[in-house]
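Enquirer: Dumping the structure here so I can ask a few things about it.
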Amino acid sequence: MDADRLVATVRRRLVSPDLEIEGRRDWPDRVVFKTNWHFYEAQPADWLIGGAPWVAEAVRLVATDGVGSMARTYGLLFGRSGEEFLLNDVQTVRTLGGRLGDDLDPVAYAEVLAELYSGRDIEGPIVTPVSVSEWARPGELVRDVADVVAKYPFVAPELVAPPAVEVVDDEVRLAFHSCHYRRGGSGGGLDILHWTVTGGGGRPAAWSRRYVVEDLQRP
């Protein structure tokens, strides 16, 4: 991980160039630092998009305030030609959707949307997904029904399905489900969303989503 490039990008895109970086520690696979009252931890992301031929590095960045509150997750891609992509930027992600079916796997694209865009407010221009802790992801793609039921036994299998991809001419049509576990007044609840996405052919992606269930409680 290129720690200097990462911190410079965070200062430029997410915080302020005027804020002092405090307590920075670098490891080969992790960078932690503090700005003002927030703590940041960055690690290589295991997203499929990180394997795209034009991506040199994919990074997941988690921000907390250090007092046990919910964590905010950011995604960064560094291209092999020096490009920087903030995956919380709605227009950036829509533009990347033009690569669907070319050098971007539709399921990899679904994985990014599922993790970063499954919260209640995704209007943008910058989306900041919240998870229940710094160790939990703010959203997750449903890849396999059995895996979801094993993790959330209170979910009926018929509520979810694996991703489905259809290509018509140069348009890629993608349908998938995502899960978002969030804190609530009684402890927590699970939202399940169904997504439809169209993209490819160099055109920005368009997406819509609907709630299959909201605030599903553990029994």
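Just so you know, all these numbers are worked out from the coordinates, no wet-lab data involved. From a predicted model like this one, the values you see are computed outputs, not experimental measurements. Positions of Cβ are generated from backbone atoms using ideal geometry, with glycine treated the same way; all protein chains shown enter the neighbour counts.
Enquirer: Can you find, among T198, Q217, V149, the residue farthest towards the positive end of the dipole of the chain? Put +1 on the C-beta of Lys and Arg, -1 on that of Asp and Glu.
Expert: Highest projection toward the positive end goes to Q217.
Enquirer: Related question: Using a Gaussian network for the chain with springs between C-alpha atoms less than 10 Å apart, which of these wobbles most: L87, L104, L19?
Expert: Maximum among the listed residues: L19.
Enquirer: Same structure again: Which three numbers, in whole Å and largest first, are the semi-axes of the equivalent ellipsoid of the stretch 84-190 derived from its Cα gyration tensor as √(5λ)?
Expert: Here the semi-axes work out to 25, 19, 10 Å.
Enquirer: Quick check: Cα centre of the stretch 90-142 to Cα centre of the stretch 27-71, how many Å?
Expert: For the stretch 90-142 versus the stretch 27-71, the Cα centre distance is 15 Å.
Enquirer: Please compute the alpha carbon radius of gyration of the chain, then divide it by the globular-protein estimate 2.2 N^0.38 Å. Two decimals is fine.
Expert: My calculation over the Cα atoms of the chain gives 1.03.
Enquirer: Taking K and R as +1 and D and E as -1, what net charge do the other residues with C-beta under 15 Å from the C-beta of R80 add up to?
Expert: With Lys, Arg at +1 and Asp, Glu at -1, the neighbours total -3.
Enquirer: Still on this structure, I have one more. Write out the GluC sites (Glu not before Pro) in the stretch 1-77 meeting two conditions: DSSP loop, and at most 13 other Cβ atoms within 10 Å of their Cβ.
Expert: Taking the stretch 1-77 and a limit of 13 other Cβ atoms within 10 Å, the loop GluC sites (Glu not before Pro) found are E20.
Enquirer: Shifting gears a bit: For the stretch 18-216, calculate the relative contact order in percent as a whole number, restricting contacts to Cα pairs under 8 Å that are 6 or more residues apart.
Expert: So the answer I get is 16 percent.
Enquirer: Something else now. What residues qualify as long-range amide H neighbours of G79, i.e. H under 5 Å apart, gap of 5 or more or another chain, H built at 1.01 Å from N?
Expert: A56, E84, F85
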